[in-house]
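Worksheet: the structure to be examined is printed underneath.
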Amino acid sequence: MSPSTSKAIVLACILPPAFALSLNSHANIRPRQYDLPDPVDRAQAIIDAFRFSWDGYYKYAFPNDELHPITNGFSNSRNGWGASAVDALSTAIMMDQADIVYQILNYIPTIDFTRTATEISLFETTIRYLGGMISAWDLLTGPASHLLVDDSQVGLLLNQSVTLANTLSFAFDTPSGIPHNTLYFNNRSTCNCANSLATAGTLILEWVRLSDLTGNTTYATLVETAESHLLYPRPAAAQPFPGLLGTFLNTTSGQFLDARGGWGGSTDSFYEYLLKMYIYDPSRYSLMLDRWQLAADSTIAYLTSHPCPKPELLFPAEYIGRMLSNTSSHLAGFIGGNFILGGLVLGREDYIDYGLHLTDSFHAVYESTSTHIAPESFSWNTSSTPESQIPFYQQNGFWIFNSQYILRPEVIESYYYAYRATGDTKYQDWAWDAFVAINTTTRAGSGFSSIANVNPAEGEEVLYEDFMESFWFAETLKYVYLIHTEGGEEWQVGRGLDDVWVFNTEAHPIMVARNGGTKRSKG
């Protein structure tokens, strides 16, 4: 362990005088509502929640991007192409909800992917729209083909994917090949600003898959060129620990602009895709597995942190150079599942054990708040603990930095991989507890709403933010559903290189290359 890392961990354990006070902690004020021990009954309840959410969206917001469930309004933060509909498609297919599948399949061909009045995120558009349509193509030409009434519907999915990728491709027209992330379709211009590790490094699965399906190698070449700068990072200082990189890149030079990062926002899914591209095709992407192992080993060696009041908990710290910042986020809750999946791929029990420990720790964060939902971000850095949160920190080992919950899936995602790896039904129970807590707290109006405060004191009201993210359909409901279905579905993942499918970062399942990944379009 480096001297700077040791210093950061020691500082996290120094308690200011106020910590000596003996104060009462918050009481858990939101009870669980109902108990359904049978996974079949639970799965149906989750389908019911999906249908309730879809009905509200379809009635009040479709074909716009998001529902505002409190006011029955809508917004278009994802290009105005119906993000919630496209994001919901793979989940509706896996839940066998034929009527909703038909509604979405009939809609997608009407989208004009060459026009929008909003600025576009290449990353968000890729993982939600491109990933959603390619995944639906894979599912409907494979295990869910019984849902197709007309074969031409599935061909149109691939045609629309090609149109979208062709329209987005000017993003890669940079000297380095690292794309711009912010695009403007009205004049084919870009925001000439730095790109992030996650937004540059979380395109390769979807674009390579499209390349394999169509036989057009250009799509793969574009993203592989961009990825090369992340696999061989420059300058050396941008890699403060082996395999762990900075956050922002210059799209002209291809060089990193800083040496701060971690497994949270703006960096997270780059590390996720290092492993998943190897699962997609080991013959082409073995180097990405090597880089994932470097990052995983450095995370264990240098970023592992145990809060002093709760030393049994384990969280991955963030870093600024080689100094640690003892903060984490709900986004980082996926890391347990990622380590578990890596352990299954490599036959490494130490990775699985580390992932299970992380998953247990994020479960403790869920259990600590009065709503039983984890906050957007939290810290165990005692030097900046707000005085009002000292008793909460003493009780739980962390304090809340940002109390929002925006319907995120990441901790439930880790429960899913933990269950698939171990078969331990406690992870099903934890996922069900999370679903019940979310249903109890965020179900409002015509759908489910983001909230501002996961830890209201007794007598305080939950503050609704009147916004239902499209990933509520794509990820959160999908993971909590899949953990309760064990009918031999081939899209279940978590067995390592025996998997036929790999999930993109929006939880859209993609068929791996060695199991039909180079099949050609019907359309």
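Can you tell me which residue within the stretch 123-140, out of those that are hydrophobic (A, V, I, L, M, F, W, C) and buried (at least 24 other Cβ atoms within 10 Å of the Cβ), is farthest from Y219 (Cα to Cα)?
Among those residues, the one meeting the criterion is L139.
Given the structure, is L183 part of a strand (DSSP E or B), touching a residue at least 24 places away in the same chain (Cβ under 8 Å) and surrounded by fewer than 24 Cβ atoms within 10 Å (Cβ to Cβ)? Even if it seems obvious, please write down each step before you answer.
Numbers: part of a strand (DSSP E or B): yes; touching a residue at least 24 places away in the same chain (Cβ under 8 Å): yes; surrounded by fewer than 24 Cβ atoms within 10 Å (Cβ to Cβ): yes.
Considered against the rule, which asks whether it is part of a strand (DSSP E or B), touching a residue at least 24 places away in the same chain (Cβ under 8 Å) and surrounded by fewer than 24 Cβ atoms within 10 Å (Cβ to Cβ), L183 comes out as yes.
Would you mind telling me which numbered condition in (1) touching a residue at least 24 places away in the same chain (Cβ under 8 Å); (2) open to solvent by 10 Å² or more (accessible area, probe 1.4 Å) I120 fails?
Of (1) touching a residue at least 24 places away in the same chain (Cβ under 8 Å); (2) open to solvent by 10 Å² or more (accessible area, probe 1.4 Å), only one is false for I120: (2).
Looking only at residues in the stretch 33-53 that are charged (D, E, K, R) and open to solvent by 20 Å² or more (accessible area, probe 1.4 Å), which one is farthest from W432 (Cα to Cα)?
R51
Which one is most open to solvent (accessible area, probe 1.4 Å) among residues in the stretch 314-347 that are out of contact with any helix residue (DSSP H, G or I) (no Cβ under 6 Å at 6 or more places or on another chain) and of a type in the set (G, A, S)?
G347
It is to be established whether one or more residues within the stretch 275-294 are touching a Gly at 6+ places or on another chain (Cβ under 6 Å), hydrophobic (A, V, I, L, M, F, W, C) and open to solvent by 40 Å² or more (accessible area, probe 1.4 Å).
Yes: one or more hits.
If you take the residues of the stretch 444-477 that are out of contact with any strand residue (DSSP E or B) (no Cβ under 8 Å at 6 or more places or on another chain), among the charged types (D, E, K, R) and in contact (Cβ under 8 Å) with a residue 60 or more places away in the chain, which of them is nearest to T126 (Cα to Cα)?
Within the stretch 444-477, the match that is nearest to T126 (Cα to Cα) is E475.
Can A301 be described as under 30 Å from W399 (Cα atoms), crowded, with 19+ Cβ neighbours inside 10 Å and aliphatic (A, V, I, L, M)?
No: the conditions fail for A301.
If you scan the stretch 139-188, which residues turn out to be in contact with a His (Cβ under 9 Å, 6 or more places away or on another chain) and not hydrophobic (A, V, I, L, M, F, W, C)?
Passing the criteria: D173, T174, S176, G177.
Quick grid of which residues meet (1) part of a helix (DSSP H, G or I); (2) under 14 Å from M277 (Cα atoms); (3) open to solvent by less than 10 Å² (accessible area, probe 1.4 Å); (4) at pLDDT 95 or above:
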site: A474; (1), (2), (3), (4): yes, no, yes, yes
site: V480; (1), (2), (3), (4): yes, no, yes, yes
site: V493; (1), (2), (3), (4): no, no, yes, no
site: V502; (1), (2), (3), (4): no, yes, yes, yes
site: I510; (1), (2), (3), (4): no, yes, yes, yes
site: G517; (1), (2), (3), (4): no, yes, yes, no
site: R520; (1), (2), (3), (4): no, no, no, no
site: G523; (1), (2), (3), (4): no, no, no, no
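Please find, within the stretch 158-170, the residue that is farthest from the chain's Cα centre (by Cα) out of those that are over 14 Å from T221 (Cβ atoms) and of a type outside the set (S, T, N, Q).
F170
In the stretch 210-251, what count of residues is obtained for those that are touching a Ser or Thr at 6+ places or on another chain (Cβ under 9 Å) and charged (D, E, K, R)?
Looking only at that region, the number is 2.
Could you list, in sequence order, the residues of the stretch 459-472 that are part of a helix (DSSP H, G or I) and open to solvent by less than 10 Å² (accessible area, probe 1.4 Å)?
Selection gives W472 alone.
Restricting the stretch 348-386 to residues that are free of Cβ contacts under 8 Å to residues at least 24 places away in the same chain and assigned to a loop (DSSP other than H, G, I, E, B), which is surrounded by the most Cβ atoms within 10 Å (Cβ to Cβ)?
Filtering first and then ranking leaves R348.
Consider G155 carefully, then state whether it is open to solvent by less than 30 Å² (accessible area, probe 1.4 Å), out of contact with any Phe, Trp or Tyr (no Cβ under 7 Å at 6 or more places or on another chain), in a loop (DSSP other than H, G, I, E, B) and closer than 26 Å to T217 by Cα. So that I can check it myself, show each step before the final result.
Numbers: open to solvent by less than 30 Å² (accessible area, probe 1.4 Å): yes; out of contact with any Phe, Trp or Tyr (no Cβ under 7 Å at 6 or more places or on another chain): yes; in a loop (DSSP other than H, G, I, E, B): no; closer than 26 Å to T217 by Cα: yes.
Judged against the criteria, G155 is not a match.
Do you know which of the residues in the stretch 54-88 that are among the charged types (D, E, K, R) and surrounded by 15 or more Cβ atoms within 10 Å (Cβ to Cβ) is farthest from A444 (Cα to Cα)?
Selected residue: R78.
The conditions are (1) surrounded by fewer than 19 Cβ atoms within 10 Å (Cβ to Cβ); (2) under 23 Å from the mean Cα position of the chain (by Cα); (3) of a type outside the set (F, W, Y), and L203 fails exactly one of them. Which is it?
Unmet for L203, out of (1) surrounded by fewer than 19 Cβ atoms within 10 Å (Cβ to Cβ); (2) under 23 Å from the mean Cα position of the chain (by Cα); (3) of a type outside the set (F, W, Y): (1).
The values are calculated or read from the model by the stated rules, or taken from the named source; none is laboratory data. Note that the structure is predicted; figures quoted are calculated from it, not measured. Every residue, glycine among them, receives a Cβ derived from its backbone with ideal geometry; neighbour counts consider all protein chains shown. These area figures cover heavy atoms from the full protein model, side chains too; ligands, DNA and RNA do not enter into them. Shrake-Rupley method; radii C 1.70, N 1.55, O 1.52, S 1.80 Å.
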